[in-house]
Structure formats: C-alpha cells, structure tokens
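The values are calculated or read from the model by the stated rules, or taken from the named source; none is laboratory data. Remember, it's a predicted structure, so these values are computed and weren't measured experimentally. Each accessible area value is taken on the protein alone, full model and side chains, heavy atoms only, with ligands, DNA and RNA left out. Shrake-Rupley method; radii C 1.70, N 1.55, O 1.52, S 1.80 Å.
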Amino acid sequence: MMGFQTEFNSVCKFKSDQELYELLEYGRGKMVKQGFRVFPTGQKVIAYTPNNVAVAIVKIVGCIAEINFQGQEVTEVEMELIRKLTDEESRIQTDLAYEMFFGEHTS
C-alpha cells in the first residue's frame, strides 16, 4: 500500500537550515522531506525554521514524490519566496503555529 501523508496546508517546516538559507537568499528553493507527501501546489504557505519560527510566506510551485538512489521514499518540494515576515508577523504566526500544530510553546 502506498501511504501519502498530507501536510497542513498552511505550514511548511524546514528541517535543514541550508535549504531555508537558499530560499531566503535566492528567492527560490527546494526542500526534501522523508516519505511520500502531498503539498498544495500553487498555494501560499508560511515557512518555518527547523526550530519552529515563522520566517516567510512562500508559494509551493512543485511537488515530486519519488524513490531516491538509496531506495528511500522522499518528496521534493519546490517553492518561491513571496516575502519575509516582519518581526511582529513572525511572532504572531509562531505563537499560532505552536497552538495549532507544534504543541506547547514556552516563550
């Protein structure tokens, strides 16, 4: 059975600082996730750092689920930067994400 895990439509969490840096620096980037997942192509989402801080609005422009050379199921998500969040927006979005997705938040 092929199991697709759907992501929350409004959250795009980076596991790699390098992937996030490339997106913020060059305006385009990609993120590799383990397992087959479905991301909403064409939709704008909030991008989060590996330590759950909201940093930017990004648009998902592509999503490819495949088996890599090591035989692992991975999903490659391509995105473009819409804009970075202001400090105030980041604080609010981060707090909301903890309440909705990430669990307890000690700020």
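Could you state the angle between the C-alpha long axis of helix 87-97 and the longest principal axis of the C-alpha atoms of the chain, as a value from 0 to 90 degrees rounded to the nearest 10?
60 degrees
Under a 1.4 Å probe, what is the accessible area of the chain per residue, stated in Å²?
That works out to 63 Å² for each residue.
Does region 47-107 classify as rounded, prolate or oblate by the C-alpha gyration tensor (a ≥ b ≥ c root eigenvalues; a/c under 1.5 gives rounded; else a/b over b/c gives prolate, otherwise oblate)?
Judged from the Cα gyration tensor, region 47-107 comes out oblate (a/c at least 1.5, b/c at or above a/b).
Based on DSSP H runs of at least 4 residues, each adding -39500 (n - 2.57), what is the mean residue ellipticity at 222 nm of the chain after dividing by all its residues, to the nearest 500 deg cm²/dmol?
On the way: 2 runs with 21 residues, N = 107.
After summing the helix terms and dividing by residue count, I get -6000 deg cm²/dmol.
For the full complex of protein chains and a 1.4 angstrom probe, list Lys44, Lys13 by accessible area with the highest value first.
Ranked list, largest accessible area first: Lys44, Lys13.
Given a 1.4 Å probe and heavy atoms of the protein chains only, how would you sort Asp17, Asp95, Asp87, largest accessible area at the top? Walk me through the intermediate numbers first.
On the way: Asp17 110, Asp95 60, Asp87 140 Å².
So the residues, ranked largest to smallest area, are Asp87, Asp17, Asp95.
So what's the convex hull volume per residue for the Cα atoms of the chain, in Å³? Display every interim value, and only then the final one.
On the way: hull volume 11.6 nm³, N = 107.
Hull volume over Cα atoms, normalised by residue count, gives 109 Å³.
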